[in-house]
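The values are calculated or read from the model by the stated rules, or taken from the named source; none is laboratory data. Just so you know, these numbers come straight off a predicted model, no measurement behind them. Virtual Cβ from ideal backbone geometry, glycine too; neighbours counted across all protein chains shown.
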Amino acid sequence: MSRTSTSSSVPQLDGGWVEAIRHDLLNWYDHNKRDLPWRINRDPYRVWISEIMLQQTRVDTVIPFYDRFMKRFPTLNDLATADEEDVVKAWEGLGYYSRARNLHTAVKEVAASYGGEVPAEWNEISRLKGVGAYTAGAILSIAYNRRFPAVDGNVMRVISRWLSLKDDVAKVSTRKKIEALAVQVIPEDRPGDFNQALMELGALMCKPLNPACESCPVAAHCHARQQGIQAELPVKTKAKPPVPAAVTIGWITDGNHILLEKRPPEGLLADMWSLPTVETNPQEQTPGQTLRATLQERGFSVEMGAQLGELEHIFSHRRWQISLIEGVVVTTAEPLPDRYCWVSPGQWDQLALPNVYHKAIQLISTKREGSEGFQGRLF
């Protein structure tokens with residue numbers, strides 16, 4: 001029984017069309033589904049991990065991260081009892097680190113409140129941190145064979161084309177409508193396979209650009225294809241472009257140690273370790289002046305050096321235009337201020353750093369290794 005029911009605003013789909021879609025799509029899936037590591041069984045924990053990783057991340061990118069993560073935390077209890085820093089480190093490189101922290105929080109709740117068994121009921125699993133409607137539907141249908149929709153961007157695109165829907169998929173109301181339509185198509189006997197087949201079709205055939213209609217197993221049933229408007233669907237309001245921001249990142253040294261700071265607990269890259277980072281206003285101060293003033297407020301007296309380079313990094317809503325500045329600490333407040341630490345070469349690889357700082361370190365490494373007189377490895 002689905003949580004989503006049809007209403008007067010959601011059309012009742014033709015039974016013959018529904019049966020044809022089910023038959024042709026599942027037949028195609030049975031013969032063409034990709035061999036993915038999370039499909040080796042229907043363990044709800046494994047399904048859960050994969051679905052969180054696949055949010056906003058391509059399948060090919062996720063596979064090595066998934067394998068590494070599952071090797072590190074093979075069971076739900078292993079993840080629940082792990083230190084958060086270890087979890088974030090295992091997630092390193094996937095980005096959107098709030099997903100890892102929310103997952104860790106939710107897994108600990110499952111261990112404490114549900115005896116380590118992932119809930120099989122909608123009202124329980126959907127209350128877990130980081131588990132939205134899509135993730136809950138995916139876990140319940142794939143792991144527990146429950147008839148729930150799992151509507152992500154791929155599925156909204158496919159169903160919009162199948163039914164020639166002109167509704168804006170950026171709207172919540174459209175997602176709810178498509179969830180209700182999806183329920184009508186999902187079969188009672190193979191809901192998990194059908195949901196995965198829908199996602200597979202969107203990933204491999206019904207792509208955003210240049211859909212492979214000639215090879216599509218359900219092209220004969222697609223209303224958009226029949227009308228020749230598949231390239232125009234789905235309708236989606238364009239997202240606002242990322243807001244540009246001038247940012248300074250510091251390579252601050254004290255002998256053979258590098259200064260790291262933990263970012264604020266809220267906002268972009270929350271609670272992640274980073275090189276010292278400040279947003280700057282080039283019209284008021286130079287990048288070095290802004291960073292030096294900020295560090296001075298924290299108790300560090302820093303002699304700023306040369307600019308090591310520039311780079312750009314784009315987040316979903318922010319575009320960082322970055323200046324990389326080196327500096328040497330003259331004096332440090334004692335004890336070391338909260339949320340700061342010194343790292344030596346032996347500690348460097350033990351900490352999880354967001355991709356933007358890996359890019360910065362790589363650029364700095366290239367710059368310094370090319371400088372006359374530079375010796376040794378760059379951590």
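Being farther than 18 Å from residue 247 by Cα and surrounded by 19 or more Cβ atoms within 10 Å (Cβ to Cβ), is that true of even one residue in segment 279-301? Yes; the residues of segment 279-301 include at least one that is farther than 18 Å from residue 247 by Cα and surrounded by 19 or more Cβ atoms within 10 Å (Cβ to Cβ). Among the criteria (1) more than 23 Å from residue 143 (Cα to Cα); (2) under 21 Å from the mean Cα position of the chain (by Cα); (3) surrounded by 14 or more Cβ atoms within 10 Å (Cβ to Cβ); (4) not aliphatic (A, V, I, L, M), the one residue 55 does not fulfil is (1). A residue that is without any contact (Cβ under 8 Å) to a residue 60 or more places away in the chain, closer than 22 Å to residue 42 by Cβ and surrounded by fewer than 20 Cβ atoms within 10 Å (Cβ to Cβ) cannot be found anywhere in segment 222-234.
Say whether the condition of being touching a Leu at 6+ places or on another chain (Cβ under 7 Å) and of a type in the set (Ser, Thr, Tyr) is met by at least one residue in segment 237-250. Yes - at least one qualifying residue is present in segment 237-250. All conditions but one from (1) at pLDDT 95 or above; (2) assigned to a helix (DSSP H, G or I) apply to residue 85; the one that does not is (1).
The lone criterion from (1) crowded, with 19+ Cβ neighbours inside 10 Å; (2) more than 18 Å from residue 123 (Cβ to Cβ); (3) touching a residue at least 40 places away in the same chain (Cβ under 8 Å) left unmet by residue 147 is number (2).
Scanning segment 330-356 for residues that are over 11 Å from residue 260 (Cα atoms) and of a type in the set (Ser, Thr, Tyr) returns 331, 332. Could you list, in sequence order, the residues of segment 216-261 that are aliphatic (A, V, I, L, M) and assigned to a helix (DSSP H, G or I)? Within segment 216-261, 219, 220, 224, 231 qualify. The residues of segment 262-280 that are of a type in the set (Lys, Arg) and either more than 21 Å from residue 93 (Cα to Cα) or part of a strand (DSSP E or B) (or both) amount to a single one, 262. Note on segment 157-173: residues that are closer than 15 Å to residue 221 by Cβ and in a loop (DSSP other than H, G, I, E, B) total 3. Here residue 146 meets each of (1) touching a Pro at 6+ places or on another chain (Cβ under 7 Å); (2) part of a helix (DSSP H, G or I); (3) among the charged types (D, E, K, R) with one exception, condition (2). Restricted to segment 110-143, and to residues there that are within 16 Å of residue 179 (Cβ to Cβ) and aromatic (Phe, Trp, Tyr), the residue that is surrounded by the most Cβ atoms within 10 Å (Cβ to Cβ) is 134. Just one of the listed residues (110, 131, 155) is within 19 Å of the chain's Cα centre (by Cα) and farther than 25 Å from residue 18 by Cα, namely 131. Would you check if there is a residue in segment 14-32 being surrounded by 13 or more Cβ atoms within 10 Å (Cβ to Cβ) and in a loop (DSSP other than H, G, I, E, B)? Taking every residue of segment 14-32 in turn, none turns out to be surrounded by 13 or more Cβ atoms within 10 Å (Cβ to Cβ) and in a loop (DSSP other than H, G, I, E, B).
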